[in-house]
Amino acid sequence: MSKFDPYRHLSILPNPDGTITRCTDFPCTDPNPDIVPGIPTVSKDVTVNDETKVWARIFLPNKLPSNDNTVVRLPILFYFHCGGFILFSVSNTGTHHPCSTLASEIPAIVVAVEYRLAPEHRLPAPYEDAINTILWVKKQVLNPDGERWLRDYGDFTRCYLGGRGSGGNIAFHAALKTLDYDINPLNINGIFLNQPMLGGKQRMPSELKYATDQLIPLPVLDLMWELALPKTTDRDHRYCNPIQDEVYMSRASSIGRFLVVAFDMDPMFDRVQAFVRKLVDHKVQVDARFDIKGFHNIDLVDQQRAQAILNITKEFII
């Protein structure tokens, strides 16, 4: 019996210089800055930081709600894709289409961040990319010549951070990081986390129960953290296991409401439950939606679950 290889499972190859070769070319979708029949949004790519080459894809609904013939300003959602910090892009079809749906259904302006990937750019690089994107959006409202979609249609007082998997992790840590910056006139109203990626050194019961999960078995989770965390740290670092740091978690009470979605058969389910309990201990308003039937990323293959999560998110966005 051959030994399980997490690199092979992820279709990546380690390189001597510490980088990885990603062996799978995932389908991509180009932005459509002009209205296309059958597509509910327009989208465009913008450069956020010339030095780091970080960019974002902005989605704007074709049908803008109005009140007395005045266009109603839309909430702004900063979105972070999944991929264990090491895979995927906002240009991938699997990210582009859900972001387009999110923008059209809520409706909202979605700013999907093309953050830098590990191990070439280890944590906290994605958190820094998130902050740079938020500060870039701030500049647009203050600049008469700023990005028109944001300036003309965005409600800067209703901003949200969210994502799935590792993207949920990024949304949480980036939200805490905003407390160290002046982001006015932006205001973070809430955080929505879909099956956020969390970990720790000591195994939780759900991790042991689903250690051989087909999608993310424990060796794969461990490898993702090994590639993403700063080299001198372990899985009890707050980037991975934030509940270990009481002072850090206490800051969450300053960033508004949380929506947290998780499924019982996810190896990280107990981690997410413990995370929610810690938020509640710190007097954070949390809407926890735990489903006893479902596995990690079930909403990627089950359209009903995907729609249910979309509906929950829509209810959460004010």
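Each value in this text was obtained by applying a stated rule to the coordinates, not by laboratory testing. What you see is a predicted model, and the numbers here were worked out from it, not measured in a lab. A quick note on method: Cβ atoms are made from the backbone with ideal geometry, for glycine too, and the neighbour counts reach across all protein chains shown.
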To the nearest 10 degrees, how steeply does helix 166-177 sit against the main Cα axis of the chain, on a 0 to 90 scale?
-> 70 degrees
For GLU114, list long-range residues whose amide hydrogen, built 1.01 Å from N in the peptide plane, is under 5 Å from its own amide hydrogen.
-> TRP55, ALA56, ARG57
Which of rounded, prolate, oblate describes the range 83-182, given a ≥ b ≥ c as roots of the alpha-carbon gyration tensor eigenvalues and a/c under 1.5 marking rounded, otherwise prolate only if a/b is larger than b/c?
-> oblate
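Rounded if a/c is under 1.5, else prolate if a/b beats b/c, else oblate: with a ≥ b ≥ c from the C-alpha gyration tensor eigenvalues square-rooted, which is the range 1-129?
Values: a/c = 2.87, a/b = 2.10, b/c = 1.37.
Prolate, because a/c is 1.5 or more and a/b exceeds b/c.
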Here the gain from full extension of ASP222 to ALA274, 0.36 nm per residue of separation minus their alpha-carbon distance, amounts to 16.8 nm
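What range in the chain is the longest one free of chymotrypsin sites (Phe, Trp or Tyr not before Pro) that are in a loop by DSSP and have at most 12 other Cβ atoms within 10 angstrom?
Values: sites that count: PHE4, TYR181.
The longest such stretch corresponds to 5-180.
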For the range 127-135, Karplus couplings with θ = phi - 60° (6.51, -1.76, 1.60), whole Hz, Gly/Pro x | 5, 5, 5, 5, 5, 4, 5, 4, 5
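Using the structure shown, select from LYS53/LYS138; LYS201/LYS278; LYS177/LYS209; LYS3/LYS209; LYS53/LYS278; LYS53/LYS139 the pairs with a Cα to Cα distance greater than 24 angstrom. All intermediate terms of the calculation are to be shown ahead of the outcome.
Details: LYS53/LYS138 19 Å; LYS201/LYS278 18 Å; LYS177/LYS209 34 Å; LYS3/LYS209 20 Å; LYS53/LYS278 36 Å; LYS53/LYS139 18 Å.
Cα-Cα > 24 Å for LYS177/LYS209; LYS53/LYS278; rest within.
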The farthest towards the positive end of the charge dipole of the range 86-183, of the residues TYR153, HIS96, GLY168, given +1 on Cβ of Lys and Arg and -1 on Cβ of Asp and Glu, is GLY168
Quick one: angle between helix 218-228 and the longest Cα principal axis of the chain, in degrees between 0 and 90, rounded to 10, please.
-> 60 degrees
How do LYS44, LYS278 rank when sorted from fewest to most other Cβ atoms within 10 Å of their own Cβ?
-> LYS44, LYS278
Using modelled backbone amide H atoms (1.01 Å from N, in-plane), which distant-in-sequence or interchain residues come within less than 5 Å of PHE85's amide H?
-> SER166
THR41 long-range amide H proximity, modeled H, under 5 Å = ASN62
To the nearest 10 degrees, how steeply does helix 303-316 sit against the main Cα axis of the chain, on a 0 to 90 scale?
-> 60 degrees
In the range 1-148, what percentage of the DSSP-assigned beta bridges are antiparallel, given to the nearest 5?
-> 85 percent
So for the range 6-316, taking the charge dipole from beta-carbon charges (+1 Lys/Arg, -1 Asp/Glu), which of LEU227, CYS82, ILE191 sits furthest toward the positive end?
-> ILE191
So what is the calculated 222 nm ellipticity per residue for the chain, using -39500 (n - 2.57) for each DSSP H run with n of 4 or more, over all residues, to the nearest 500 deg cm²/dmol?
-> -9500 deg cm²/dmol
Each residue of the range 37-52 in turn: what ³J(HN,Hα) in whole Hz from Karplus with 6.51, -1.76, 1.60 and θ = phi - 60°, glycine and Pro shown as x?
-> x, x, 9, x, 9, 9, 8, 8, 9, 10, 7, 8, 9, 5, 6, 8
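For the chain, give the magnitude of the charge dipole about the Cα centre (Cβ charges: +1 Lys/Arg, -1 Asp/Glu; no others), in debye to the nearest 20. Before the final figure, lay out the partial values.
Details: 33 positive and 37 negative charges, 90 e Å.
So the dipole magnitude of the chain works out to roughly 440 debye.
For the range 6-316, give the share of DSSP beta bridges that are antiparallel, in percent and rounded to the nearest 5; count only bridges with both residues there.
Details: 19 of 47 bridges.
The antiparallel proportion sits near 40 percent.
Of LEU186, LEU60, how do they rank once you tally other Cβ atoms within 10 Å and put the fewest first?
Details: LEU186 21, LEU60 24.
Ascending number of Cβ neighbours within 10 Å: LEU186, LEU60.
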Could you please state, rounded to a whole Å, how far the C-alpha centre of the range 260-307 is from the C-alpha centre of the range 1-34?
-> 26 Å
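Say R0 is 25 Å: what FRET efficiency, to the nearest 0.05, do VAL72 and VAL36 get from their beta-carbon distance? Walk me through the numbers before you get to the answer.
Working: r = 23 Å, r/R0 = 0.94.
Calculated transfer efficiency: 0.60.
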Determine the distance separating the Cα centre of the range 185-222 from the Cα centre of the range 55-103; give it in Å without decimals.
-> 23 Å
